[in-house]
């Protein structure tokens, strides 16, 4: 019997998320600066009689164990591309917060692609895997690549970015999730309400911040803290006002920067170093403003097949 294959995949934080206007196809162009961080899901692919999904770990009950799961869709897409029977048991061991704006579902899809490709011996090129990733979702390609990258288009067109050092982060996990489509709709609504308009005719094309890219390149946490932005943060705060208290608690605990991660509701806090991150984590844990606190550093490697 073929041995199981396990792929490990990182979470991400968006150090810049610049959102363009609403396109006619319902999407938004992005300038999305991704940083992979050392919180990981593991996806194990084992031969089976049919496609089956199981999930363990934090908030596993919130992850669909059926074909709506992105990991299942990834296995089906790869099998369809190569004419393979998608008879595989995918077990997802969760450590990335679920529905938390850290691309956990996208990570699982990238992990499933890599694990199934190895299990089935389909020999997909990096380009083939990235094309399948882009079909599955905007964040899936970065989950495969990891490190640091600028995402264009919907976020799926990636340019790797240089980083000069590790950056230390604290993540405050909220109760419940936030729907990414709902946050984008609220972003459009807030823009319309402000009088700026919300379409591509109204909003300038998003561009990465030169100061932010330079801060990543030099590994300067203070400079990065001064440059981080998230255009979805006002929408996330509108839908979940309590996140403002979490952001204040992290700032009060000494974070260099406090922001909502992606579409939320996880909040991300940049710290000067490991010691400072532990202090921020302790302050957040004592604040009562979040359900759990995690620390991690980045950049972290992308999806990787683990050795036996």
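Numbers below:
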{"quantity": "Selection status of residue 100, surrounded by 21 or more Cβ atoms within 10 Å (Cβ to Cβ), in contact (Cβ under 8 Å) with a residue 60 or more places away in the chain and not assigned by TED's automatic domain parsing to the domain that holds residue 266", "calculated": "yes"}
{"quantity": "One residue from 146, 153 being outside the structural domain of residue 240 (by TED's automatic domain parsing), at pLDDT 95 or above and at positive phi", "calculated": "146"}
{"quantity": "Search result, residues across segment 120-135 that are in a helix (DSSP H, G or I) and surrounded by fewer than 24 Cβ atoms within 10 Å (Cβ to Cβ)", "calculated": "120, 126, 127, 128, 129, 130, 131, 132, 134, 135"}
{"quantity": "Residues (part of a helix (DSSP H, G or I) and closer than 19 Å to residue 40 by Cα) located in segment 136-149", "calculated": "140, 141, 142, 143, 144, 145"}
{"quantity": "Those residues of segment 259-293 which are buried (at least 24 other Cβ atoms within 10 Å of the Cβ) and part of a strand (DSSP E or B), in sequence order", "calculated": "259, 260, 267, 268, 269, 270, 271"}
{"quantity": "Yes/no for residue 291 being under 22 Å from the mean Cα position of the chain (by Cα) and modelled with pLDDT under 95", "calculated": "yes"}
{"quantity": "Some residue of segment 160-169 being at pLDDT 95 or above and part of a helix (DSSP H, G or I)", "calculated": "no"}
{"quantity": "Close pairs from segment 1-14: first at positive phi, partner assigned to a strand (DSSP E or B) and surrounded by 21 or more Cβ atoms within 10 Å (Cβ to Cβ), Cβ under 8 Å, at least 6 apart", "calculated": "none"}
{"quantity": "Candidate set: segment 142-156, residues that are touching a helix residue (DSSP H, G or I) at 6+ places or on another chain (Cβ under 8 Å) and closer than 19 Å to residue 184 by Cβ; chosen: the one surrounded by the most Cβ atoms within 10 Å (Cβ to Cβ)", "calculated": "142"}
{"quantity": "Subset of segment 53-78 (residues that are in contact with a strand residue (DSSP E or B) (Cβ under 7 Å, 6 or more places away or on another chain) and within 16 Å of residue 6 (Cβ to Cβ))", "calculated": "53, 54, 55, 56, 57, 71, 75"}
{"quantity": "Residue list for segment 234-244, restricted to those being surrounded by fewer than 23 Cβ atoms within 10 Å (Cβ to Cβ) and assigned to a helix (DSSP H, G or I)", "calculated": "234, 237, 238, 239, 244"}
{"quantity": "Which listed residue is assigned by TED's automatic domain parsing to the domain that holds residue 65 and buried (at least 19 other Cβ atoms within 10 Å of the Cβ), from 26, 21, 38", "calculated": "21"}
{"quantity": "Residues within segment 189-213 that are farther than 22 Å from residue 260 by Cα and outside any loop (DSSP other than H, G, I, E, B), tallied", "calculated": "1"}
{"quantity": "Selection count where residues are assigned to a helix (DSSP H, G or I) and either in contact (Cβ under 8 Å) with a residue 40 or more places away in the chain or over 26 Å from residue 169 (Cβ atoms) (or both), scope segment 39-81", "calculated": "14"}
{"quantity": "Test: residue in segment 248-258 that is in contact with a strand residue (DSSP E or B) (Cβ under 6 Å, 6 or more places away or on another chain), in a loop (DSSP other than H, G, I, E, B), without any contact (Cβ under 8 Å) to a residue 40 or more places away in the chain and buried (at least 20 other Cβ atoms within 10 Å of the Cβ)", "calculated": "yes"}
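For every residue, the table says whether it meets (1) free of Cβ contacts under 8 Å to residues at least 40 places away in the same chain; (2) in contact with a strand residue (DSSP E or B) (Cβ under 8 Å, 6 or more places away or on another chain).
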| position | (1), (2) |
| --- | --- |
| 175 | no, no |
| 194 | yes, no |
| 211 | yes, no |
| 214 | yes, no |
| 221 | no, yes |
| 224 | no, yes |
| 237 | yes, yes |
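The values are calculated or read from the model by the stated rules, or taken from the named source; none is laboratory data. Since the structure is predicted, the reported quantities are computational estimates derived from the model, not experimental observations. We place every Cβ from the backbone using ideal geometry, glycine too, and count neighbours over all the protein chains shown.
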